[in-house]
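Remarks on the structure that follows.
The values are calculated or read from the model by the stated rules, or taken from the named source; none is laboratory data. Just so we're clear, the structure is a prediction, and the values are computed from it rather than from any experiment. A quick note on method: Cβ atoms are made from the backbone with ideal geometry, for glycine too, and the neighbour counts reach across all protein chains shown.
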Amino acid sequence: MILSDKKILAEIEKGTIKIEPYNRNCLGSNSYDVHLGKHLATYVDRELDAKKHNTIKHFDIPEEGYVLEPGAFYLGVTEEYTETHEHVPFLEGKSSTGRLGIDIHATAGKGDVGFCGNWTLEISVKQPVRVYAGMPIGQLIYFPVDGEIEVKYNNKAGAKYSGQINKPVESMMWKNSF
């Protein structure tokens, strides 16, 4: 079951869902539109190693926009900071984004109960496309949880992405034991 607009509003009132900045016009019938933040990043090295800390370089999207290129991989960030304390948030691309050939996540569209932060986007494109800071990029949908949560993500020891800042965050796979 997905939360409706009225239920999302009720949860915002209760404080179980937080979206900053919040704009009522971004609330759809069962989702909330999020926007591309001004910061992008790319990995410094062409070859990435899952056991090593792969560094990224940040840059800002200029006012005239930035052209994303196929074959490149970008990390972006949502303009919105969110907190979700009783629901499972999912981030999906908007249909208008998809129709420009922009994928906003490779695999990480699901958040956890207790996620607090800006969402890092895993962006790739099918053909060159100019993007702009503040453009609608995705939509959050919320699912209720069946059962009690033992440990929320923001209280979990070793939560690698808790409290993400408003800049893209690189993979923390290297922190896992394997």
**Fill in**
Of those in segment 58-85 that are among the hydrophobic types (A, V, I, L, M, F, W, C) and within 12 Å of Pro168 (Cα to Cα), the residue surrounded by the most Cβ atoms within 10 Å (Cβ to Cβ) is Val77
**Message:** Based on this model, can you work out whether Val131 counts as more than 30 Å from Glu69 (Cβ to Cβ) and in contact (Cβ under 8 Å) with a residue 40 or more places away in the chain?
**Reply:** no
**Item:** In segment 98-117, the residues that are under 11 Å from the mean Cα position of the chain (by Cα) and at pLDDT 95 or above
**Value:** Ile104
**Request:** State which residue pairs qualify: first residue surrounded by 11 or more Cβ atoms within 10 Å (Cβ to Cβ) and inside segment 150-163, second residue polar (S, T, N, Q) and at pLDDT below 85 in any location, beta carbons under 9 Å apart, and separation of 6 or more residues or different chains.
**Result:** Tyr153/Ser162; Asn154/Ser162; Asn155/Ser162; Lys156/Ser162
**Prompt:** Among the candidates Val88, Val34, which residue alone is within 23 Å of Lys6 (Cα to Cα), buried (at least 21 other Cβ atoms within 10 Å of the Cβ) and either of a type in the set (A, V, I, L, M) or touching an Asp or Glu at 6+ places or on another chain (Cβ under 9 Å) (or both)?
**Reply:** Val34
